[in-house]
Amino acid sequence: MKLLQVSIVVCLAAFASADVIADEDFESGVLPTGWQVWQEGDPGATEWAVCAVGDSLFMPDPAHSGTHYAWHDDNGISYSDSWLVTETYDLSTYDSVLLTFWRYAKYPGYYNYSGFYYSTDPSPGSSVDFTELLELGPDNFDLWWEFGIDVTTQCAGQSSVTFAWVYRGEYAQAEAIDDFYIEASTLSLDQSTWGAIKTTF
């Protein structure tokens, strides 16, 4: 019975403190500080870029929020293996990491591949440093669709975490990304509450 009481005390005295690690809406109109674009396909192939609504007739309108988003056009004559790479985040003090982003894709009949990746390498420099978290797939096209991912297992406690969206194709689907958000939490035990809780047993 004493073991049960101790467990209850610990559960009641545990609190999660959450921090916003990233909240990127691309409204600066340029690639965010610390972000990169890599091309591992054909030289000169179409790449990711930050664009505004109306830059092209076939782009999503409206953006998920504001007037800008990251965009990869479908109209390329060379094979693209393009990487939109975030800055590197320090998640070493966190016990839980959740992220979300919004995707708008067009032309599902031409879909080849798009995916979301992560790396815990301190200085990722190419695709070999990344691991796929999920393929975005050919579903839910022609609308803004939210992806919510619990990356606690992969990223909590890591001092260097980088994410990337990957587009692979030649005259394939079009892709847009908007409103990338990371929230990380630390589980703490508030010992100041222990005494009051214990006296109830």
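Are any of the residues in the stretch 172-179 under 14 Å from LEU133 (Cβ atoms) and of a type in the set (S, T, N, Q)?
Checking the stretch 172-179: not a single residue is under 14 Å from LEU133 (Cβ atoms) and of a type in the set (S, T, N, Q).
Of (1) at pLDDT below 95; (2) not in a loop (DSSP other than H, G, I, E, B), TYR171 satisfies all except one. Which?
(2)
Condition first: surrounded by fewer than 19 Cβ atoms within 10 Å (Cβ to Cβ) and on the phi > 0 side of the Ramachandran plot. Can you find one or more residues in the stretch 57-74 that meet it?
yes
Table: residues versus (1) over 16 Å from PHE163 (Cβ atoms); (2) touching a Phe, Trp or Tyr at 6+ places or on another chain (Cβ under 9 Å).
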| site | (1), (2) |
| --- | --- |
| LEU98 | no, yes |
| TYR104 | yes, yes |
| GLY115 | no, yes |
| ASN140 | yes, no |
| THR152 | no, yes |
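Kindly check whether there is at least one residue in the stretch 18-40 that is assigned to a strand (DSSP E or B), more than 21 Å from ASP81 (Cα to Cα), more than 16 Å from the chain's Cα centre (by Cα) and at pLDDT below 95.
For the stretch 18-40, residues assigned to a strand (DSSP E or B), more than 21 Å from ASP81 (Cα to Cα), more than 16 Å from the chain's Cα centre (by Cα) and at pLDDT below 95: present.
Only strands (runs of 3 or more DSSP E) wholly contained in the stretch 51-153 count here; list those with 2 or more residues that are among the hydroxyl-bearing types (Ser, Thr, Tyr).
80-89, 96-106, 113-119
Quick one: is SER65 polar (S, T, N, Q), under 30 Å from THR153 (Cβ atoms) and touching a residue at least 40 places away in the same chain (Cβ under 8 Å)?
Yes: the conditions hold for SER65.
How many of the residues in the stretch 125-175 are hydrophobic (A, V, I, L, M, F, W, C) and under 13 Å from the mean Cα position of the chain (by Cα)?
12
Determine, yes or no, whether TYR94 is surrounded by 17 or more Cβ atoms within 10 Å (Cβ to Cβ), modelled with pLDDT of 95 or more and under 20 Å from THR153 (Cα atoms).
When the stated conditions are applied, TYR94 passes them.
Would you be able to tell me the number of residues in the stretch 148-186 that are within 30 Å of TYR79 (Cα to Cα) and of a type in the set (A, V, I, L, M)?
Number of matching residues: 8.
Just name the residue that is surrounded by the most Cβ atoms within 10 Å (Cβ to Cβ) out of those in the stretch 129-182 that are farther than 17 Å from GLY41 by Cβ, in contact with a strand residue (DSSP E or B) (Cβ under 7 Å, 6 or more places away or on another chain) and small (Gly, Ala, Ser).
ALA176
Using beta carbons and a limit of 6 Å, which pairs, at least six apart or on different chains, have the first residue in the stretch 36-52 and surrounded by 16 or more Cβ atoms within 10 Å (Cβ to Cβ) and the second one of a type in the set (D, E, K, R)?
From the stretch 36-52, the pairs are VAL37/GLU47; GLN39/GLU47; GLY41/ASP81; THR46/ASP73.
The values are calculated or read from the model by the stated rules, or taken from the named source; none is laboratory data. Note that this is a predicted model, so its numbers are computed, not measured. All Cβ positions, glycine included, derive from the backbone under ideal geometry; neighbour counts span all protein chains shown.
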